[in-house]
Amino acid sequence: MPKILKLKNPIMIDGTEVKEIKYDFENLTAKDMIEAEKMMLGNGQISMTLEEMNYSWHMYLFASTAAKENTGSSINDYFRMKGIDAVKARALARNFLIAAEDFEESL
């Protein structure tokens, strides 16, 4: 079920002011994640062994789920978020990765 990130600083997507972004990490597929990583690496970002510490990966992961949940938007639209909104988006992705790690340890 999608959740909502409320933006302090709205962004423009296709001429529309966006104040809230739907996202759902649980709806991402392995393919979505691989495509987000390919895009990140193709844009000159480096991959880190500890994905929980890779701020670029967090942003690409959030942008990927946001693009999937918000029809008519692309990953690149979410790279226009301003400071605090980008920090919140990255934190959501990092928390998703950490929660997945905790889940694995409980198996």
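The values are calculated or read from the model by the stated rules, or taken from the named source; none is laboratory data. Quick caveat, the model's predicted, so the values are computed rather than measured. Here Cβ is always computed from backbone atoms with ideal geometry, including for glycine, and neighbour counts include all displayed protein chains.
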Query raised in the report: In region 1-38, what residues are part of a helix (DSSP H, G or I), aliphatic (A, V, I, L, M) and without any contact (Cβ under 8 Å) to a residue 24 or more places away in the chain?
Result: A30, I34
Report task. Return a yes/no flag: does region 1-21 have any residue that is surrounded by fewer than 12 Cβ atoms within 10 Å (Cβ to Cβ) and modelled with pLDDT under 90. Result -> yes
Requested in this report: Identify, by number, the condition in (1) at pLDDT below 95; (2) closer than 19 Å to D32 by Cα that A89 doesn't meet.
Outcome: (1)
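For region 36-82, enumerate the residues that are out of contact with any strand residue (DSSP E or B) (no Cβ under 8 Å at 6 or more places or on another chain), among the aromatic types (F, W, Y) and at pLDDT 80 or above.
Those that are out of contact with any strand residue (DSSP E or B) (no Cβ under 8 Å at 6 or more places or on another chain), among the aromatic types (F, W, Y) and at pLDDT 80 or above: W57, Y60, F79.
Among the residues of region 67-85, are any within 14 Å of P2 (Cα to Cα), of a type outside the set (F, W, Y) and surrounded by 23 or more Cβ atoms within 10 Å (Cβ to Cβ)?
Initially, region 67-85 is screened for residues within 14 Å of P2 (Cα to Cα), giving 67-71.
Still in the list and also of a type outside the set (F, W, Y): 67-71.
Subset that is surrounded by 23 or more Cβ atoms within 10 Å (Cβ to Cβ): none.
Looking for residues that are within 14 Å of P2 (Cα to Cα), of a type outside the set (F, W, Y) and surrounded by 23 or more Cβ atoms within 10 Å (Cβ to Cβ), one finds none in region 67-85, hence no.
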Query - Residue count, region 67-77 (criterion: within 18 Å of E26 (Cβ to Cβ), out of contact with any Ser or Thr (no Cβ under 7 Å at 6 or more places or on another chain) and part of a helix (DSSP H, G or I)) - result: 2
